[in-house]
Amino acid sequence: MMTSLVLTVIGPDKPGLVEMLAQTISENNGNWLESGMSRLAGKFAGILITQVPESHCDTLISALGKLETQGLKVIAERSENSTTATASESFTLELVGHDKPGIVRDISSALAKRGVNVERLNTELVSGSMSAELLFKATAELTAPEDLDLDTIQEDLEAIASDLMVDITLNT
């Protein structure tokens, strides 16, 4: 029987961290499935899913814990693979506007109130093309209950967008 582990990793950014992580997983009969990793503020941070035979799970978790002596902190959580799927509709959200505190909080609050789940979220600060002002950009992959009217979400977000002075686009 295979066990899925969700791993979160963080450490000072330097060459070889991904190789060290992949080698440890491979040496313990694990299989690297999905991941998202990046350099953030001088740190290497990421999340990934690996599968390992149940008989090797504890050994892999122990080996991953030993990576901290080499600068990489790894937290491993066994995944409860839920097979209960509910009908949902997928769509994306794109946002751009002047950076200010509270953008993610306000948008995610509006989405949560309507039962919308954030599947993926990518954010970044970029220089404006016409000025040196920082622009906040976000792209999110979302799922909503199938019976939820996406026009309602659009209206909720448009009200917030004008307050935050950002542009929001929903794509189905």
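Readers should treat all values here as calculations from the given coordinates under stated rules, not as data from a laboratory. Quick caveat: nothing in here was measured; it's all calculated off a predicted structure. Note that we place each Cβ from the backbone using ideal geometry, even for glycine, and neighbour counts take in every protein chain shown.
Here are some notes:
- When each of K43/K137; K14/K137; K14/K73; K73/K100 is checked by Cα-Cα distance, pairs over 24 Å: K14/K137; K73/K100
- Here the extension length gained between T59 and E19 equals 12.5 nm, from 0.36 nm per residue of separation less the Cα-Cα distance.
- Seen against the Cα atoms of the chain and their longest principal axis, helix 150-164 is set at about 80 degrees.
- What the phi angles of region 125-139 give under the Karplus curve with 6.51, -1.76 and 1.60, with θ = phi - 60°, is a coupling list of 9, 9, 6, x, 5, 9, 8, 8, 5, 7, 10, 9, 10, 9, 10 Hz, glycine and proline written as x.
- Qualifying GluC sites (Glu not before Pro) for region 59-147 [loop in DSSP, other Cβ within 10 Å: at most 15]: E80, E133, E146
- Helix 54-65 axis versus longest C-alpha principal axis of the chain: approximately 80°, rounded to the nearest ten.
- Where only C-alpha atoms are counted, convex hull volume of the chain per residue in Å³: 138
- Convex hull of region 2-96 built on C-alpha atoms - directionally averaged projected area, nm²: 8.0
- At q = 0.19, 0.27 Å⁻¹, base-10 log of I(q)/I(0) for region 73-157 (Debye sum, equal scatterers on each alpha carbon): -0.94, -1.31
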